[in-house]
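Structure first, commentary second.
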Number of protein chains: 2
Amino acid sequence: MTVDNGVAANGTSKPGNGKDISAYSVVQIDRLDHKPPLPSVLLSPFKLDHGPPTSAAGNPEEIAKLFPNLFGQPSVQLLPSASPTLRADAKLKIGVVLSGGQAPGGHNVIAGIFDYLQNYAKGSSLLGFKGGPAGIMRCKYVEITSEFLYPYRNQGGFDIICSGRDKIETPEQFKQAEETAVKLDLDGLVVIGGDDSNTNACLLGEYFRGKKLKTQVIGCPKTIDGDLKSTEVPTSFGFDTACKIYAEMIGNVMVDARSTGKYYHFVRLMGRAASHITLECALQTHPNIAVIGEEVAQFKQTLKQVTEFITDVIVKRAEHGKNYGVILIPEGLIDFIPEVQQLIAELNEILAQGIVGDDGLWKAKLQPQSRALFDFLPQTIRDQLMLERDPHGNVQVAKIETEKMLISMVETELARRKSAGSYSGTFKGQSHFFGYEGRCGMPTNFDATYCYALGYTAGALLHAGETGLIASVGNLTHPTKDWTVGGTALTQLMDVERRRGKNKPVIKKAMVELDGAPFKKFASVRQEWAFEDRFCSPGPIQFTGPTAEDTNFTLMLEQGCQVVF
Amino acid sequence: MTVDNGVAANGTSKPGNGKDISAYSVVQIDRLDHKPPLPSVLLSPFKLDHGPPTSAAGNPEEIAKLFPNLFGQPSVQLLPSASPTLRADAKLKIGVVLSGGQAPGGHNVIAGIFDYLQNYAKGSSLLGFKGGPAGIMRCKYVEITSEFLYPYRNQGGFDIICSGRDKIETPEQFKQAEETAVKLDLDGLVVIGGDDSNTNACLLGEYFRGKKLKTQVIGCPKTIDGDLKSTEVPTSFGFDTACKIYAEMIGNVMVDARSTGKYYHFVRLMGRAASHITLECALQTHPNIAVIGEEVAQFKQTLKQVTEFITDVIVKRAEHGKNYGVILIPEGLIDFIPEVQQLIAELNEILAQGIVGDDGLWKAKLQPQSRALFDFLPQTIRDQLMLERDPHGNVQVAKIETEKMLISMVETELARRKSAGSYSGTFKGQSHFFGYEGRCGMPTNFDATYCYALGYTAGALLHAGETGLIASVGNLTHPTKDWTVGGTALTQLMDVERRRGKNKPVIKKAMVELDGAPFKKFASVRQEWAFEDRFCSPGPIQFTGPTAEDTNFTLMLEQGCQVVF
């Protein structure tokens, strides 16, 4: 079967025009016709309710200077209206771009925008910029038609128009974006991305407004990491699906751990800046230990302390005859440990200065604390730090396999305790990294519905003439019909950071809050999880049945829902 | 909620008596009450139809000598009967043991035996030997009651009684097993295991028969590797679930590859001896390359040839602008390459002789071909070969991360071609190992049903007085009601191997047949898959919906079903 941009007259494949779905699995085909429900407010005439003027997350004076045209604008809510308030005969020309790493549901955002335009502004067109923001700058795009879109509905990945990590930053690049907007006569642009991309979206909206261009810009919150959220934007899409995929695998590994009784599985989970994924996976699966980076940072823990904490649990479990377990580690763990950052900074300095001999004399240049840490690291990690460097000669922190490093350090510590007579168990570590498996999974019903609503919302906001807003769909733990729909002023989410002597606007990443409900829930049960096996196996994501409409624990707890384990 | 061995009067947890399911996920709870359907023949009165005398898979004279009491006995089929042919008031005492690595569905085999006894021989009892065959030898067991069993129904893992890798081999060990059988007054024993365990089951059945013990022994085919099968035993349980879990992950990674367009994902899959898992996952997902160990062995390919084959595909894809892809590799790949085996044998010899200096002079001791191969290997693999050795000082082949080794070798070859001007693409390898995630997954409906039928069958065969058979349930690509049910003489599956000057009976592992339907199907499409992206994403296993009752491609193709991609 071939789905094409227009109808393939003879039914044969026309590569490049549309996606060939003849290779699709039965589940993929089945999902194509899944119709995500919509919030009620989007199903009947609505009006826009503008709130009071907004400020910024921090340094409002600076944000006001950076966004003279957009700062202070109100956020909006869509409310039911007796009759349509927007022109149904508006023919809009809208662009859409996917920015940064994949997250399940991106295709449904695009489907939501498309269907909104079809239903409320017939005759409009939707252009997809290819390969991320570079597609805007180079004016590379594809027109998204019903037939072109169909094969991507409810499917994972970003392959409909692909994504990219370029940024629109320099004056030349803003000029290029302007040229594209003018050339294509764009009424609006939807930027689907994370914190950086939404900051960029706001800058672009500001720039267009300053240039008196008609092109409005609306952002959509995307990232599996879950670190783009606020009061108004309760979650980023993709987090739900990715966590559930990882949790399925963790649950399986737990059953394995208990069945064999001889392995400690160290599972590293994607999510560099914040530990939301690790925390959510912990809430879903009840591991013996889940290391939360924000807690490590808060208490300024050293790598040695983290190692000893893990070792303590292993030793105590061994005393009860349990030589197995499951330990979750956030990908970004070592970024949370100040002493590691310090060591890496010093190493980069030393490596930049010249040759590092085999005699080890160069180690004398390290500060005593860094020297001690370096000697504490396993040999393989030391080699990795010294040998594998990026094109600038810097240590590649991202390449360090934290889970293997911890296994090795725990082994050493256990051997020490065994010699000292305080441990007599057995230890076999198995390492796992769950990352790419999750970020392109088929979206859960929640993500499929949430994304479709986000896209619909973005369409409505553009239709209503709004710019500089992020689509915000709320009340997500209630039935979809009751979800709230609106747009939040992007400037309201912003603060400034000094970078290279300049004030840069940023949407601050939402970190795991140690006094937030998800962490507090975890903290209240983790002692029990450490020693009693309370393993939970969520199983594979189901699209029908009792769990099909479930959301996730992080969202439920943050929204004040009661969760009982 | 606490489920106990008996009813927990006050509803509190009694650790050790029964499994506490209060931590179970909703899907786990939901699956507890799933009732697998049964083949019709097991639902109404049946009789046993004995076939003709059997022979052996090879060397029948030798097998006859090794199994004087069992050799030649007929296989049996259960057929509908007008009235019950077995005594309904028989009170049987049956033991069951899980042997070797986990496979999804093991709990349902036990549930099948239990329910058979409840329905057809009320008053019987079922004892589960703990921790594998060692549990038989040490007479460690637990009585399996309805309440004790309930929390494990349709769940993954082997944690109900756990498993073990001990074997009953020496005369003393057979004596211990005999003592247990006599002490517990066992009428029968069900051994759930792979090829080795079923060989062991047959030896035990022979031994008991020779000793005139009443204890009958029935085997059940278990292994995710899919290498225990024959005409009569169409598949081993667990293969279906494990492959579907791996295929879900591979499908996700494929979507990622196509979305980003910049990674080659090298996925190593569990399955050491045979490449069935890799082949099945290829049929489910359509990767650019799937290396099948049996083909590598058949054509005596060298590691260099495998590397060059992969490199050729990557280069040709780059010419079409595709610098991404997915490549599947069986865990046991290097076991299939004769030159690698030769090198390892020589290294073990050299390492055993004494110190290997940093000067590299020891390399002169290698045969020229081995020396060339050693120099061809990436540095990390050379280090691994030389440094990480088992307690006997031998190279640890199992620890070699084949996927990383291939990435490194492909990188080198691509760099060579780039210098030579025959390649101008970009290459970034990402490595994955999918193993533990699969072998303890929640069983698919197919595995749940198949295992339940196997258990029921084992119960019926014991009830009918049979011994030395493996439960064989056939016609599996048809509706469950039409499945055939019987027992195959284990001696029929056997051949002999000379080991340490002695004839040892073995059930030969079923390898991927290069002239078998699954491989031929793969071979007919792989050229297209290599260059056209025909990626297929099976998505998560569904317990309801259009795919819920699916089986797998290997089974369908082997059973002569038409499969169209």
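At-a-glance table
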item: Positions within the stretch A:49-71 being touching a strand residue (DSSP E or B) at 6+ places or on another chain (Cβ under 6 Å) and not small (Gly, Ala, Ser), in sequence order; result: A:Asp49, A:His50, A:Thr54, A:Asn59, A:Glu62, A:Ile63, A:Leu66
item: Selection count, the stretch A:517-547, where residues are assigned to a helix (DSSP H, G or I) and of a type in the set (S, T, N, Q); result: 2
item: Tally, over the stretch A:442-494, of residues that are part of a helix (DSSP H, G or I) and either within 22 Å of A:Leu98 (Cα to Cα) or not hydroxyl-bearing (Ser, Thr, Tyr) (or both); result: 25
item: Hey, B:Tyr450 within 30 Å of A:Cys536 (Cα to Cα), modelled with pLDDT of 95 or more and away from chain A (no Cβ under 14 Å) or not; result: yes
item: Elements of type strands (runs of 3 or more DSSP E) contained in the stretch B:66-136, each with 2 or more residues being touching a residue at least 60 places away in the same chain (Cβ under 8 Å), within 27 Å of the chain's Cα centre (by Cα) and over 25 Å from B:Asp166 (Cα atoms); result: B:76-80
item: Test for B:Gln341: is it in a helix (DSSP H, G or I), closer than 23 Å to B:Phe522 by Cα and open to solvent by 10 Å² or more (accessible area, probe 1.4 Å); result: no
item: Positions within the stretch B:548-565 being out of contact with any Pro (no Cβ under 8 Å at 6 or more places or on another chain) and either within 11 Å of chain A (Cβ to nearest Cβ) or not in a helix (DSSP H, G or I) (or both), in sequence order; result: B:Ala548, B:Glu549, B:Asp550, B:Thr551, B:Asn552, B:Gly560, B:Cys561, B:Gln562, B:Val563, B:Val564, B:Phe565
item: Filter result (touching an Asp or Glu at 6+ places or on another chain (Cβ under 9 Å) and either outside any loop (DSSP other than H, G, I, E, B) or within 19 Å of A:Asp533 (Cβ to Cβ) (or both)) within the stretch B:42-58; result: B:Leu48
item: Unique match (being on the phi > 0 side of the Ramachandran plot and surrounded by 15 or more Cβ atoms within 10 Å (Cβ to Cβ)) among A:Gly438, A:Gly468, A:Gly429; result: A:Gly468
item: Of all residues in the stretch B:312-338 being part of a helix (DSSP H, G or I) and of a type in the set (Val, Ile, Thr), the one that is surrounded by the fewest Cβ atoms within 10 Å (Cβ to Cβ); result: B:Val315
item: Any hit, the stretch A:515-527, residues being within 14 Å of another protein chain (Cβ to nearest Cβ), of a type outside the set (Gly, Ala, Ser), within 19 Å of A:Ser236 (Cβ to Cβ) and open to solvent by 10 Å² or more (accessible area, probe 1.4 Å); result: no
item: Some residue of the stretch A:476-497 being polar (S, T, N, Q) and open to solvent by less than 10 Å² (accessible area, probe 1.4 Å); result: yes
item: Criterion violated by B:Gly226 - all others in (1) closer than 19 Å to B:Lys508 by Cα; (2) more than 17 Å from the chain's Cα centre (by Cα) satisfied; result: (2)
item: Close pairs from the stretch B:418-432: first within 14 Å of another protein chain (Cβ to nearest Cβ), partner not hydrophobic (A, V, I, L, M, F, W, C), Cβ under 6 Å, at least 6 apart; result: B:Thr426/B:Asn323; B:Lys428/B:Lys262; B:Lys428/B:Tyr263; B:Gly429/B:Tyr264; B:Gln430/B:Tyr263; B:Gln430/B:His265; B:Ser431/B:Glu403; B:Ser431/B:Lys404
item: Members of the stretch A:297-356 found to be of a type in the set (Ser, Thr, Tyr) and in contact with a Ser or Thr (Cβ under 8 Å, 6 or more places away or on another chain), listed by number; result: A:Tyr324
item: Residue ID - surrounded by the fewest Cβ atoms within 10 Å (Cβ to Cβ), chosen from residues in the stretch A:56-104 that are charged (D, E, K, R) and within 24 Å of A:Phe114 (Cα to Cα); result: A:Asp89
item: Every residue from the stretch A:281-311 that is closer than 25 Å to A:Thr235 by Cα, assigned to a helix (DSSP H, G or I) and more than 14 Å from chain B (Cβ to nearest Cβ); result: A:Gly293, A:Glu294, A:Glu295, A:Val296, A:Ala297, A:Gln298
item: Residue among B:Leu228, B:Leu269 that alone is under 27 Å from B:Glu558 (Cβ atoms) and within 14 Å of chain A (Cβ to nearest Cβ); result: B:Leu269
item: Tally, over the stretch A:462-474, of residues that are among the hydrophobic types (A, V, I, L, M, F, W, C) and within 15 Å of A:Phe114 (Cβ to Cβ); result: 2
item: Residue that is part of a loop (DSSP other than H, G, I, E, B), under 30 Å from A:Ala517 (Cβ atoms) and at pLDDT 95 or above, where the choices are A:Ile161, A:Ile224; result: A:Ile224
item: Candidates A:Thr241, A:Thr235, A:Thr231 - the one that is in contact with a Phe, Trp or Tyr (Cβ under 9 Å, 6 or more places away or on another chain), part of a loop (DSSP other than H, G, I, E, B) and hydroxyl-bearing (Ser, Thr, Tyr); result: A:Thr235
item: Candidates A:Lys167, A:Lys244, A:Lys211, A:Lys175, filtered to the one that is out of contact with any Lys or Arg (no Cβ under 8 Å at 6 or more places or on another chain), under 25 Å from A:Ala111 (Cα atoms), open to solvent by 10 Å² or more (accessible area, probe 1.4 Å) and more than 12 Å from chain B (Cβ to nearest Cβ); result: A:Lys167
item: Candidate set from the stretch B:386-417 (those that are at pLDDT 90 or above and open to solvent by 40 Å² or more (accessible area, probe 1.4 Å)); member that is nearest to the other protein chains (Cβ to nearest Cβ); result: B:Lys404
item: Matching option when the condition is more than 27 Å from B:Arg209 (Cα to Cα) and either open to solvent by 10 Å² or more (accessible area, probe 1.4 Å) or within 14 Å of chain A (Cβ to nearest Cβ) (or both), among B:Gly156, B:Gly132; result: B:Gly156
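The values are calculated or read from the model by the stated rules, or taken from the named source; none is laboratory data. Every value quoted in this text rests on a predicted model; they were computed, and no experiment measured them. Cβ sites come from the backbone with ideal geometry, for glycine too, and all protein chains shown count toward neighbours. Remember, those area values only see protein heavy atoms, side chains included, never the ligands or the DNA or RNA. Shrake-Rupley method; radii C 1.70, N 1.55, O 1.52, S 1.80 Å.
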